[in-house]
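Only one structure is covered here, and it is reproduced in the block below.
The values are calculated or read from the model by the stated rules, or taken from the named source; none is laboratory data. As the structure is a computational prediction, the values presented were derived from the model and not from experiment. Don't worry about glycine lacking a Cβ; one is built from the backbone with ideal geometry, like all the others, and counts go over all protein chains shown.
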Amino acid sequence: MANSGSFNTNGYQGRYLTFSWSVSSQSIESNSSTISWSLKGAGNASSSWYNAGNFKVVINGVTVYSSSTRIKLYNGTVVASGNLTIAHGSDGTKTFSASAQAGIYYVAVNCTGSGSWSLPTISRQATLTSAPNFTDEQNPKIIYSNSAGSLVTSLQACISLTGSTDNIAYRDIPKNGTEYTFNLTTAERNILRSASPNSNTLSVIFYVKTVISGQTYYSTLTRTLTIVNANPTISGGSYKDTNSTTIAITGNNQQLIQNNSTVAFTFGSLAAQKYATLRSIEITVNAVTVTTTLSGSSLSNTTITFGAINSSSNLSASIKLTDSRGNVSTASIALNMLAWSLPTAIITCTRKNNYYSDTDLKVNADYSSLGGNNTITIQYQTKESDGGSWSALQSLQDNVMETIELDNTEAWDIKVIVTDRLGSTTYNLSIDRGIPIVYFDRLKRAVGINCFPSEDTIDLEANAIKLSEGFFSFEAVGVNGTAGYARVATIKITGNYSNAPIKFEIFRRGAKRSEVMFLCFNNDNSDDPSINGLFTSGSAPLFNAFANKTDTSTWDIYVQKAESWDSITVITTIPDYMRSRVKISYADNLLSDIPSGATMLTAD
C-alpha cells in the first residue's frame, strides 16, 4: 500500500515527462480516496526548452487530461495537474493504475509511461480479536478493535448457537471501545442451557456486526460453553419391607430379614438440573445392583423394588442418579438387617444296645432368632429301606430324646424335617437291622455271631452266607398249609461285572435229595445287568422255579411248593469276588402263579 507514487515516460534526446501522485484525503463514509496528481517536463532541459504536444493522462481508467497543443517545456514545467476521487472496494481496498503520453519535438506521440499502485485500505468493520470459553454461570467478555470509531453507522455484538440466529440477541457495544461484557439474563442463560440437554459442553459463536453507509460486516470467533453445577438431586430417600410374611414375623417393615424381605426404596424427589432429563437410577446393596431407567426432568414419590438382600448384618444402600448429560449424584441409605439361615440340627439315632427294635431319636436344632420372633418345629417319618411307603409325620420336641419302634429285623430310612417360620431343612438317616456282633441266647443255649441264633448251636452270618450245622433252613412264615411259589431270596446287584453264577441248593420236604440251581447274569459293565438264565445242574429240573426282575438291579427267586405243607430249605453260595457286589435278603411272601416274563428254571 502506498500514499504516493510516480513514473517517467520513455525519452527523446534526453527529454521525458514525469507523472506523480499522492493521497490528499480518504473518506470512510464514501469508502474512497482523493489523490493529487501532476505531469511535468523532465530531462536535459534545465536551461533550454523543447517543444512537446499531444499530451494525455489516464488515471484509474479515467482520462483526466488531454491536449494537442504544443508548448515549450523546461525540466519541472507543469504540463497538467489535478485531483481525482477513486472509490474503494467493499472490503476497503483499492489498486489503481495511471498512464501518460506525449510527442517530444514531433507531432506524433513518441514518449509513453505507466504505473500501478495499491491505495491505503479504508477501515470498513470492527474486528473481534478475543473471546473466552465460559460457563453458563459466567458473563463472557469480548475484545475487539474498531479503527473506524464513531464513523461506523452501527456496532453490535451477539452470541449465536448455529451462526444463523442471534440466540443471545444483538446489543450495542461502544464504537470507540475495545471490550464488551455480556451481562446475561436468566432467560438468556436458559437459552444456552436448553440447547445442550445431553452434554455439558456446547459450541457457540461470538459475533461483532459493523454497519457502515448501509454495508454490513461481520467478525466471528467460535468458543465452548460449559454447563456447571448441574448434577441431579436426590431427596427423601427411604426403604421398607413389602413382604407380608416377613413383616408378620418382625412386626416392623424397617427390619429386613436376610434373603427373605422384599425391599423397596422410595424417593420423595428425583430431579435433573438446567434442562437435562433423568436417565437412570442405580441402587447397589452388598455388591448387587438394580438399575431402573427414568425419563422426564423430575419425578416425585418414586418407588423402586430391589428384592431380597443377602446380608446378616446392617449395611448401606448406595444410590447413584444419572442425568442425560452423564452428571451423577450419589446418596446412601442405612439398612437394618436380621440374620437368617435355614435351620440346622445335630441328630442322634441308634437302636438300644445296637440291635433292639427300640430306637432312640434326639434332634438338637439350631435356628435364627429373628429378634426373638422365630419358632421351630421338628417332625419325622420312617419307612423300611427295602420298600414300603413313608409313615405319617410325627412331631418331636427340640433336644428331647424320644424312643421310637423300628423292627430290628429290617433296615429303616428315617426322614427328619426341621422347620422355622421361613424355611425347612430335611435330614435323611439310615438304621441297619438290629444284629448284635455276639448274642448269647440262654433259652436256646446258643450263641449268634452277627445274628440271633436259631438253633442250639452257633449261628454265623457273613457275606450273605447263613450257616447252621452246615446250612441255613429258611421256612416261609405264614405260608404253611398254602400252595404256590415261595420266595426264597431277593438278589440286589450293587456292582459292575457281577457275572459269576450264584448257587442255590434247595431242600424240600419229602425229597430224596437236594437240587442245585444257578442264577447267571451277563458280562455287563453295569450294576443292572441282564439275566443270562436260571439253570439246574441236572438234565431236567426236579421242581419249578423262576427268577423275576422287580426293580432296577433287583431279582426275586421263587421255588414251587410240592404240596401245601411243603417246607423249603436253601443254602446260598456266592463267589468270593462278588460278595461286595451282591446283597441277598430272605422273605416269606408267596405267589399263586408265575408272573408273565419271568425266567424259568431250565437244564444247563
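Side notes on the structure shown:
- Residue pairs whose Cβ atoms lie under 6 Å apart, separated by 6 or more positions or on different chains, with the first residue in region 496-511 and exposed (fewer than 15 other Cβ atoms within 10 Å of the Cβ) and in a loop (DSSP other than H, G, I, E, B) and the second of a type in the set (Asp, Glu) and modelled with pLDDT of 80 or more, are Asn496/Asp527.
- Any chance Ala317 is closer than 15 Å to Gln255 by Cα, assigned to a strand (DSSP E or B) and assigned by TED's automatic domain parsing to the domain that holds Leu278: yes
- Qualifying residue in region 374-383 (condition: in contact with an Asp or Glu (Cβ under 9 Å, 6 or more places away or on another chain), closer than 30 Å to Gly251 by Cα and either touching a residue at least 60 places away in the same chain (Cβ under 8 Å) or assigned by TED's automatic domain parsing to the domain that holds Lys492 (or both)): yes
- Annotation: Ile191 fulfils all but one of (1) crowded, with 19+ Cβ neighbours inside 10 Å; (2) of a type in the set (A, V, I, L, M, F, W, C); (3) without any contact (Cβ under 8 Å) to a residue 60 or more places away in the chain; the unmet one is (1).
- Filtered by the rule that a residue be out of contact with any helix residue (DSSP H, G or I) (no Cβ under 8 Å at 6 or more places or on another chain), assigned to a strand (DSSP E or B), under 16 Å from Ser164 (Cα atoms) and at pLDDT 95 or above, region 193-217 gives Ser203, Ile205, Phe206, Tyr207, Val208, Lys209.
- Leading residue by the ranking (nearest to the chain's Cα centre (by Cα)) among those in region 17-56 that are among the aromatic types (Phe, Trp, Tyr) and either in the same structural domain as Thr216 (by TED's automatic domain parsing) or surrounded by 21 or more Cβ atoms within 10 Å (Cβ to Cβ) (or both): Trp21
- Residue count for region 310-324 satisfying the condition of being over 18 Å from Thr262 (Cβ atoms) and under 22 Å from the mean Cα position of the chain (by Cα): 8.
- Identity of the residue in region 516-548, touching an Asp or Glu at 6+ places or on another chain (Cβ under 8 Å) and without any contact (Cβ under 8 Å) to a residue 24 or more places away in the chain, that ends up farthest from Ser498 (Cα to Cα): Val516
A quick yes/no check of all residues on (1) in a strand (DSSP E or B); (2) surrounded by 16 or more Cβ atoms within 10 Å (Cβ to Cβ); (3) at pLDDT 95 or above:
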{"residue": "Gly113", "(1), (2), (3)": "yes, yes, yes"}
{"residue": "Ser116", "(1), (2), (3)": "yes, no, yes"}
{"residue": "Gln138", "(1), (2), (3)": "no, yes, yes"}
{"residue": "Ser147", "(1), (2), (3)": "no, no, no"}
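So that you can scan it fast, the table gives a plain yes or no per residue for (1) surrounded by 16 or more Cβ atoms within 10 Å (Cβ to Cβ); (2) within 49 Å of the chain's Cα centre (by Cα); (3) of a type in the set (Phe, Trp, Tyr); (4) not assigned by TED's automatic domain parsing to the domain that holds Thr245:
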{"site": "Tyr367", "(1), (2), (3), (4)": "yes, yes, yes, yes"}
{"site": "Trp390", "(1), (2), (3), (4)": "no, yes, yes, yes"}
{"site": "Asp407", "(1), (2), (3), (4)": "no, no, no, yes"}
{"site": "Gly423", "(1), (2), (3), (4)": "no, yes, no, yes"}
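- Summed over region 553-600, residues that are of a type in the set (Asp, Glu), at pLDDT 85 or above and buried (at least 20 other Cβ atoms within 10 Å of the Cβ) total 1.
- Meets criteria (under 30 Å from Ile86 (Cα atoms), touching a residue at least 60 places away in the same chain (Cβ under 8 Å) and part of a loop (DSSP other than H, G, I, E, B)) for Ser123: yes
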